[in-house]
1. For a footprinting-style exposure proxy, rank 91, 557, 627 by other Cβ within 10 Å, fewest first.
2. Just the ratio, please: alpha-carbon radius of gyration of segment 315-403 over 2.2 N^0.38 Å, N its number of residues.
3. Helix 82-93 sits at what angle to the longest principal axis of the chain, using alpha carbons and giving 0 to 90 degrees rounded to 10?
4. Which three extents, in whole angstrom, do the alpha-carbon atoms of segment 1-160 cover along their principal axes, largest first?
5. With r as the distance between the Cβ atoms of residue 312 and residue 598 and R0 = 51 Å, compute the FRET efficiency 1/(1 + (r/R0)^6) and round to 0.05.
6. I need the shape label for segment 219-277. Rule: rounded when a/c is under 1.5, else prolate if a/b > b/c, else oblate, with a, b, c from the alpha carbon gyration tensor.
7. Any idea what diffusion coefficient segment 467-605 gets from Stokes-Einstein, in µm²/s, Kirkwood Rh on alpha carbon pairs, 10 °C, 1.306 mPa s?
8. For segment 552-657, what log10 I(q)/I(0) values come out of the Debye formula at q = 0.11, 0.18, 0.19 1/Å, with one point per alpha carbon and no solvent?
Ligand code: ADP
Ligand code: SF4
């Protein structure tokens, strides 16, 4: 019988170059950018090694007037930036993949904080980048400015070609770039040849494509990244309107169409809001208008969905950012028929959050992401065991599960004990809350791996005490016992707790996840600020409660701005009828009333409620670890380590990382020195300019 997935491994011609297969790592930011070129090159190289046929850069600024500081994206301002990019090309080519560069002028999105140049835009307007509230406006572009932008883009394309890039992008997506600002009626009020009818508004994009073809088209494929729908209706580009018209006008001009929806929060929608293939309904038309290959994204992790997208004529190449982050070896696993080994992205956007925090990319599912160079971690390979040792891991949340899995992969004899009847800790429980079902993949992938390991035994329903450990006689114990939500109200800025919380009408997220739900009018007090407060408000609304969500922050689910979800969460809660009170700090609970201070009111505010759910700090469940310390002291234990939320409560990605780190470090000397390499550019080995 023929292999139904063989179609994914067909080569695809992109102008003068040929992609070896249909797996295409689209441009994605990573928080490393120009500042950490070694880290970046190693990360991209791993993708190529894992079978991605094309590996792209992130957006690469072509000029200092396109300066995205303080974000670390790519830079090709001049020749001095070439060695860093050449490093990436080299590591991608080493595995036979094509290297693509996404050139960009960021127009009204560039605040130019580092370069201090005046930002450029179709008109004089407030800049829209860096959070959207920078007190600076752009300069209305002159004719000379347009000529300059074209020259800068052409020069960058030539330089990219010279260091070996195979595909060069002209980028009009995500509301981030100058060609897109010109396309947009919102930003373009010009009356010259760059304004007015669409044919004029599309002019710069057309010119950039033509210039790029002219400059490098004999050697490089020319790609266009276009947002075909901004999900703003008539206010923006739509796939039924101007998005379609633009593709029709430029249909055969580029060698490749890379199409998606805009802005970034729509393009990288989380699994809470969109499912696999969610962009097909917007981008599906493109192939009907062009003979050129089309790549698109949609968080594809299932080989069947990928084959289907190609067979239905929606896409020619399967674009992926997040699926390639969660599993750089996804193509190789499909090629080798190891589908059950695919580590599927859960759609949480922790990877995105790293970019907006200006730190190297990380991933909930893939703890090696961003650590390829600085720690030398490979997503598939790990050092074999240093000795024939047995390790007891207590607690099967993300930290314990990943630790047991990675220790098992190293070949140790591992016992994983879990007090609850179900393995998976907080992830198994949280994944049952509204919208978080895909998070279950964190548990499922690890359990799937563990099942294949005869050297790992799992014991659910086994509460472990210090006496058990002694009796069991395991020489090495790793404690991953998690954390419990506080019931006293102690949290950031509330170190004394909240008077009145001893009432029976006070609940925590643990109660909700254990099925103990309040009734009536419920106040969800969110001093945690990530996803859980909003999710619990949703859950309680569905259970028939009348919910008010109050938070000391200026926005509901404040931190979810980093995962691009904040606006969607707010809209969803409003749609469900949840009353939202921002800048409210809970000070006291009285029968039937919660007293708050508010930055929006001079007098205290009283909220009538029958029950309160507190999302404040968590208490590490570190009692087992503490009770084992004497055993370590007198030599009955040879090693003891506390990881994950039991050490320091945090996000799931950190628990997975800590579990992985503990497994990698097991049997090695950890001496307190900086445990990873730090990029101090120009790096260890001098780079040579081409
Ligand atoms: P993390 O995020 O650090 O992995 P979790 O809270 O998700 O932490 O998981 C911790 C797990 O440890 C929970 O499933 C909990 O039931 C389990 N656990 C806690 N204490 C013990 C114990 N003494 N013995 C066995 N399992 C325990
Ligand atoms: Fe997917 Fe989350 Fe990993 Fe990003 S961090 S790649 S969204 S699992």
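1. Arranged by neighbour count, lowest to highest, 91, 557, 627 become 627, 91, 557.
2. 1.26
3. 70
4. 62, 30, 29 Å, listed from the longest principal axis down.
5. 0.45
6. Taking the square roots of the gyration eigenvalues as a ≥ b ≥ c, segment 219-277 is oblate.
7. 96
8. -0.59, -1.02, -1.07
Read the figures in this text as sums done on the coordinates, not as results from a lab. Model, not experiment: these values are computed from the prediction. All Cβ positions, even for glycine, are placed from backbone atoms using ideal geometry, and neighbour counts span all protein chains on display.
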